[in-house]
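*Asks:* Got a structure here, written out as C-alpha cells. Questions coming.
The values are calculated or read from the model by the stated rules, or taken from the named source; none is laboratory data. Note that this is a predicted model, so its numbers are computed, not measured. Here the Cβ positions follow ideal geometry from the backbone for every residue, glycine too, while neighbour counts run over all protein chains shown.
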Amino acid sequence: MRYFLLGYMGSGKSTLGKALSQDLGVNFVDLDELITEDIGKSITSFMEDKGELAFRKVEHYVLERILMSGAEDVVVALGGGTPVFYNHMEALNAAGTTVFLDVSVVELARRLEKDVDRPLIKDKGDVAEFVAKHLFERRPFYSLAHHRVKGDALTVETILEAIG
C-alpha cells in the first residue's frame, strides 16, 4: 500500500512519515529530499534563483516519477504545496491512501518561527498571519485527502487509527 502524507509545512510529514514507515515495515520517501537531489542545491536556493513556479515544475516531474515507479509499500512525505498544483490531489488519491496532517495555525507558527530555511516564510514578519492565510488557501486541496488526522501532537498511533 502507498501512503501519502500531506499538510502544511511544519505539520510533521517527514518526521511522522519516517516513524510510520518503520512501524509498517515499508520504505520511506521524502519528496523534498528527492527534489534536492535532482536540482543539486537546496530548495530555498533554487527558489531564490528560479522562483516558485520553476520549483513547482520540478516538483511535478519528481512526483510523477514516484507515481509512475509502481513502488508499493511506501510512505511518501509530500511538500506542503504539492497537493495544490497541477492535478496532484486527483493523482495522489488514485495512486494510494492520502492522509492530511491537520495541525493548528498557532502550533504551525510556533514550529516555523525559528525555521529560517523555509523559502515561503523567509522574511515574513508575522508568521502566524502568513500561515493562517496560506493554510486557508490550501485547505480545500488538503481536504480532498482520504483521511484527516487533526491535532497539535500527532503520533504514528493516531495516523494508524485514522487509516486503520
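*Asks:* For Asp102, are the conditions met, namely being touching a residue at least 40 places away in the same chain (Cβ under 8 Å), among the charged types (D, E, K, R) and crowded, with 18+ Cβ neighbours inside 10 Å? First the steps, then the outcome.
*Replies:* Working: touching a residue at least 40 places away in the same chain (Cβ under 8 Å): yes; among the charged types (D, E, K, R): yes; crowded, with 18+ Cβ neighbours inside 10 Å: yes.
Answer is yes for this residue.
*Asks:* So, one more: Within the range 85-115, how many residues are under 15 Å from the mean Cα position of the chain (by Cα), closer than 13 Å to Met9 by Cα and of a type outside the set (D, E, K, R)?
*Replies:* 5
*Asks:* Among the residues of the range 1-53, what is the count of those that are hydroxyl-bearing (Ser, Thr, Tyr), in a loop (DSSP other than H, G, I, E, B) and either crowded, with 20+ Cβ neighbours inside 10 Å or in contact with a strand residue (DSSP E or B) (Cβ under 9 Å, 6 or more places away or on another chain) (or both)? Quick ask: steps written out before the conclusion?
*Replies:* First, pick out the residues of the range 1-53 that are hydroxyl-bearing (Ser, Thr, Tyr): 3, 8, 11, 14-15, 21, 36, 42, 44-45.
With in a loop (DSSP other than H, G, I, E, B) added as a condition, the list becomes 8, 11, 42.
Going one step further and asking which of them are either crowded, with 20+ Cβ neighbours inside 10 Å or in contact with a strand residue (DSSP E or B) (Cβ under 9 Å, 6 or more places away or on another chain) (or both), we end up with 8, 11.
Final tally of qualifying residues: 2.
*Asks:* Show the residue pairs meeting these rules: Cβ distance below 9 Å; 6+ apart or different chains; first residue within the range 29-47 and of a type in the set (Gly, Ala, Ser); second residue part of a helix (DSSP H, G or I).
*Replies:* Here the result reads Gly40/Phe46; Ser42/Thr36; Ser45/Ile39, each pair linking the range 29-47 to a residue that is part of a helix (DSSP H, G or I).
*Asks:* A further question on this structure: Which residues, counting only those in the range 110-164, are closer than 30 Å to Asp23 by Cβ, exposed (fewer than 12 other Cβ atoms within 10 Å of the Cβ) and at pLDDT below 90?
*Replies:* Lys114, Asp117, Gly164
*Asks:* Tally the residues that are assigned to a helix (DSSP H, G or I) and surrounded by fewer than 17 Cβ atoms within 10 Å (Cβ to Cβ), restricting the search to the range 85-94. It would help to see each step written out before you state the result.
*Replies:* Step one: list which residues in the range 85-94 are assigned to a helix (DSSP H, G or I), which gives 88-94.
Still in the running and surrounded by fewer than 17 Cβ atoms within 10 Å (Cβ to Cβ): 90-91, 93-94.
Count: 4.
*Asks:* Taking the conditions exactly as written (within 16 Å of the chain's Cα centre (by Cα), surrounded by fewer than 18 Cβ atoms within 10 Å (Cβ to Cβ) and at positive phi), does Tyr61 satisfy them or not? Full working, then the answer.
*Replies:* Details: within 16 Å of the chain's Cα centre (by Cα): yes; surrounded by fewer than 18 Cβ atoms within 10 Å (Cβ to Cβ): yes; at positive phi: no.
Answer is no for this residue.
*Asks:* Output the residue which, of all residues in the range 147-164 that are in contact with a Leu (Cβ under 8 Å, 6 or more places away or on another chain) and touching a residue at least 60 places away in the same chain (Cβ under 8 Å), is nearest to Val105 (Cα to Cα).
*Replies:* Here the answer is Leu154.
*Asks:* Let me ask something else. Counting just the residues of the range 73-84 that are in contact with a strand residue (DSSP E or B) (Cβ under 6 Å, 6 or more places away or on another chain) and crowded, with 24+ Cβ neighbours inside 10 Å, which one comes out farthest from Tyr3 (Cα to Cα)? Let's see the steps before the verdict.
*Replies:* Keep residues of the range 73-84 that are in contact with a strand residue (DSSP E or B) (Cβ under 6 Å, 6 or more places away or on another chain), which gives 74-78, 83.
Next, from what is left, pick out any that are crowded, with 24+ Cβ neighbours inside 10 Å: 75-78, 83.
Values: Val75: 5, Val76: 6, Ala77: 9, Leu78: 10, Pro83: 14 Å.
If we take residues in the range 73-84 being in contact with a strand residue (DSSP E or B) (Cβ under 6 Å, 6 or more places away or on another chain) and crowded, with 24+ Cβ neighbours inside 10 Å, then Pro83 is farthest from Tyr3 (Cα to Cα).
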